[in-house]
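Read through the structure below, which is laid out as structure tokens, and then see the notes.
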Amino acid sequence: MRPDAGNGPLPARTSIKVQTVRYVEVAVGLPVQTTFHYSVPKQLQEQAAVGKRVRIPFRNRQLIGYIVGVVGRPEGFSVKPILEVLDQDPILGPDLVELTRWIGKKYLAGWGETIEAALPGPIRKGRLMMKSRSPEPAVEVSPSSPLPLNAEQKQALDSILAAVNRREHRVFLLHGVTGSGKTEVYLQAIQEILSQGKTSIVLVPEISLTPQTIERFQARFGAKTVAVLHSAMLESQRLQEWHRIRLGEAHVVVGARSAVFAPVQSLGLVVIDEEHEPSYKQEDAPRYHAREVAITRAKAFQAPVILGSATPAIETYYQATQRRIELLPLRSRIEEVPLPQVEIVDMRQEFGRGSRGKIFSRQLEETLAQTLTSRQQAILFLNRRGFSPFIHCRGCGQILRCKSCQVTLTYHMDTRSMVCHTCHSEQPAPEICPKCRSEYIRFQGIGTQRVESELARLFPQASIARMDTDSMKARGSHAKLLSAFRRHEIDVLVGTQMVAKGLDFPRVTLVGVISADTALNLPDFRSAERTFNLLTQVAGRAGRGALPGKVILQTYTPHHYGIVAAGRHDYLAFYQQEIEARRQCGLPPFTHLVQLTVRSLGENKALEYAKKIAQTLRRCLLSEVQILGPSPAPVHRVRRNYLWQLLLKSPEEVHLKEPLAAALREVSASRGCRLAIDVDPL
Ligand SMILES: [Zn+2]
Ligand SMILES: [Zn+2]
């Protein structure tokens, strides 16, 4: 099953010539590592081919499965016949059959499960393929032409095109500060791929798949050439785009994580913008990382990959220092716009001035006032939604928690309710304490709603809007709010990380970070990296136009290296400290991790099963694989389920994956317990 890399005939055509297929290997969409063999009745032998869906008998029911191989007569066991072949042409090309097999092995997920992650919903559910050509998208955009490149952009583009022309699979890291013109390099590289009649896939984080981003691609290549895939689209729209790609009508695919599986015929280039974004990792099985999948897919086509970021993942930059990835630096902002000036405010000292509980430091309040007087705009960032994250009873000292998850409840002022941010349950906020009946209920800590209301109190004349998942529930509200901000109908935008990504507004001269420490306090070895990335990105929103920008970071840990480096826009300083810390603690990229999570309604049951797994693993795996736990998951209860975790750590990947898969086959399943495997967890 060699991937078809050239411009040759469609795999669908070749399958017709294949002689009769008597036995097939079928993958089913269940969390099982094995495939199943079936016989093909005579009347279906001409239709059966790799990459097609089939209806099969499975235990006492019927399932839809995927033919992944043709096999010989099984010896020593009898097989059942397939019932129906659903497709005329394969829905999976040979390269996707091979890619999904690789993903199943790498991430210890089922092959069929992985195939289903690669297909649009209606196809997965067994709906038959449309025959008609899809209508053309009704979008009108004014065309744009290539912009002149500066010396660094030109050098980067030349290196990429050299690989394209040599048909060489190389991975490039385009490392450029915000506003350094990475997108223009992508666009001109894609132009060349188009002229060679090949297809490009561009992955962007879901959150930055804004109309603004999509229009840039449509303006350059025309709406017909560009297909868009993301989760906010209707299923029917997504299916239509999938068909346009499959039929070779669209040659540039722009989409979120799962667009890495777009059914392109001849792949010429993959671009992964903001490659460090955690949203490229899938949270449910198969728990793949789109960056790794993209690199493997491109390799099969001998196509280059461009990873773009201002703050590359530590693992990615490490690969660049090892010369496994080629570094292409963009050091200057286009048109020489200077990076904004950053002021770090030590909130511990603000306390000394008797302003305990205040949200804004004196510096931030004064600068906000100046910004508003001079008719400019500001963005205030806080990565915590709701009004306050703690509901505290002063009568009995309790903090109210969710009954099924045990996490603290957040008070939401707009709905006067308390919400669990883990299971999303919501109930009216109490007037008296449910435990001691005291009336002294206090809301503590700061969320975006509280910042918004405090702002309205301090600056009653200003127009203020809030952007977080609570205020952006309606379809299209995101785009509406952004265009109002662009037209300067809003002076101050308050928001969570939704405001951190990709927004480019020339009149924004102030960015205030209410608390730079929110992410630092999480129990996660990546918390410093997350904090640095987020602060750098938020800071990059200020001073994008002719007016100079200013950033104010409020923090209780002003000397933390992540915060200091973000204040200086110094990625390399951050990287050097962080990679040293990882080396000393034996963390990725110096080790490989696998996380196992057992989940059950019974607390003892979950723990017992986790212990049983740990015992088997300690017996079966090499001693250099460290097995930590079982320990309670950071969020120990979710929707009444108890979660226990094991963490496996190994310097060598080979000692981890296959031996683990083999060992897990020895552990018999436990009724009422579910096991989730996460390879390279984030
Ligand atoms: Zn109480
Ligand atoms: Zn809950």
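Going by the structure shown, is Thr408 modelled with pLDDT of 95 or more and more than 16 Å from Ser471 (Cα to Cα)?
Here the answer is no, as Thr408 does not meet what is asked.
If a residue has to be among the hydroxyl-bearing types (Ser, Thr, Tyr) and at pLDDT 90 or above to count, how many in the range 39-93 make the cut?
Qualifying residue count, the range 39-93: 2.
Taking the range 513-541 as the region of interest, how many residues are touching a strand residue (DSSP E or B) at 6+ places or on another chain (Cβ under 9 Å), assigned to a helix (DSSP H, G or I) and in contact (Cβ under 8 Å) with a residue 40 or more places away in the chain?
Of the residues in that region, 4 qualify.
For Thr555, all conditions in the list (1) polar (S, T, N, Q); (2) open to solvent by 10 Å² or more (accessible area, probe 1.4 Å); (3) touching a Ser or Thr at 6+ places or on another chain (Cβ under 9 Å); (4) at pLDDT 90 or above hold save one; what is the number of the exception?
Going through the list (1) polar (S, T, N, Q); (2) open to solvent by 10 Å² or more (accessible area, probe 1.4 Å); (3) touching a Ser or Thr at 6+ places or on another chain (Cβ under 9 Å); (4) at pLDDT 90 or above, Thr555 breaks only (2).
Given the options Glu439, Glu426, name the one that is among the acidic types (Asp, Glu), open to solvent by 50 Å² or more (accessible area, probe 1.4 Å) and within 29 Å of Ser231 (Cα to Cα).
The match here is Glu426.
Of everything in the range 446-475, what is touching a strand residue (DSSP E or B) at 6+ places or on another chain (Cβ under 7 Å), of a type outside the set (D, E, K, R) and open to solvent by 30 Å² or more (accessible area, probe 1.4 Å)? Give them in sequence order.
Those that are touching a strand residue (DSSP E or B) at 6+ places or on another chain (Cβ under 7 Å), of a type outside the set (D, E, K, R) and open to solvent by 30 Å² or more (accessible area, probe 1.4 Å): Ile446, Ala456, Ile464.
Could you run through the range 207-224 and say how many residues are in contact with a helix residue (DSSP H, G or I) (Cβ under 8 Å, 6 or more places away or on another chain), open to solvent by 30 Å² or more (accessible area, probe 1.4 Å) and closer than 25 Å to Ala118 by Cβ?
Qualifying residue count, the range 207-224: 1.
Please identify the pairs in which a residue from the range 362-382 that is assigned by TED's automatic domain parsing to the domain that holds Arg544 has its Cβ atom under 8 Å from the Cβ atom of a residue that is among the basic types (Lys, Arg) and part of a loop (DSSP other than H, G, I, E, B), counting only partners at least 6 apart or on another chain.
Filtered contacts from the range 362-382: Arg362/Arg353; Gln376/Arg507; Gln377/Arg507; Ile379/Arg541.
Assuming Met418 fulfils every condition listed in (1) open to solvent by 20 Å² or more (accessible area, probe 1.4 Å); (2) within 16 Å of ligand 2 (Cβ to nearest atom) apart from one, which condition is it?
(1)
List the number of the failed condition for Glu580; all other conditions in (1) within 16 Å of ligand 2 (Cβ to nearest atom); (2) free of Cβ contacts under 8 Å to residues at least 60 places away in the same chain hold.
Among (1) within 16 Å of ligand 2 (Cβ to nearest atom); (2) free of Cβ contacts under 8 Å to residues at least 60 places away in the same chain, Glu580 violates only (1).
Mind checking which residues of the range 198-212 are at pLDDT below 85 and not in a loop (DSSP other than H, G, I, E, B)?
Glu206, Ile207, Ser208, Pro211, Gln212
Please state which one of Ala219, Ala156, Ala163 is in contact (Cβ under 8 Å) with a residue 24 or more places away in the chain, in contact with a Ser or Thr (Cβ under 6 Å, 6 or more places away or on another chain) and assigned to a helix (DSSP H, G or I).
Ala219
Kindly establish whether Ile391 is out of contact with any Ser or Thr (no Cβ under 6 Å at 6 or more places or on another chain), under 21 Å from Phe443 (Cα atoms) and within 16 Å of ligand 2 (Cβ to nearest atom).
Yes: the conditions hold for Ile391.
Scan Arg599, Arg582 and give me the residue that is out of contact with any Gly (no Cβ under 6 Å at 6 or more places or on another chain), of a type outside the set (Phe, Trp, Tyr), open to solvent by less than 50 Å² (accessible area, probe 1.4 Å) and over 30 Å from Gly543 (Cβ atoms).
Arg582
Taking the options Leu239, Leu269, Leu307, Leu328, name whichever one is part of a helix (DSSP H, G or I) and open to solvent by less than 50 Å² (accessible area, probe 1.4 Å).
Only one candidate passes the filter, namely Leu239.
Just the residues that are more than 10 Å from ligand 2 (Cβ to nearest atom), touching a residue at least 12 places away in the same chain (Cβ under 8 Å) and open to solvent by 20 Å² or more (accessible area, probe 1.4 Å), please, taken from the range 396-407.
Result: Cys396, Gln398.
The values are calculated or read from the model by the stated rules, or taken from the named source; none is laboratory data. Bear in mind the structure is a predicted one, so any value in this text is a computation, not a measurement. Cβ atoms come from the backbone with ideal geometry, glycine included; neighbour counts cover every protein chain shown. To get the accessible areas, we keep the full protein, side chains included, count just its heavy atoms, and leave off ligands, DNA and RNA. Shrake-Rupley method; radii C 1.70, N 1.55, O 1.52, S 1.80 Å.
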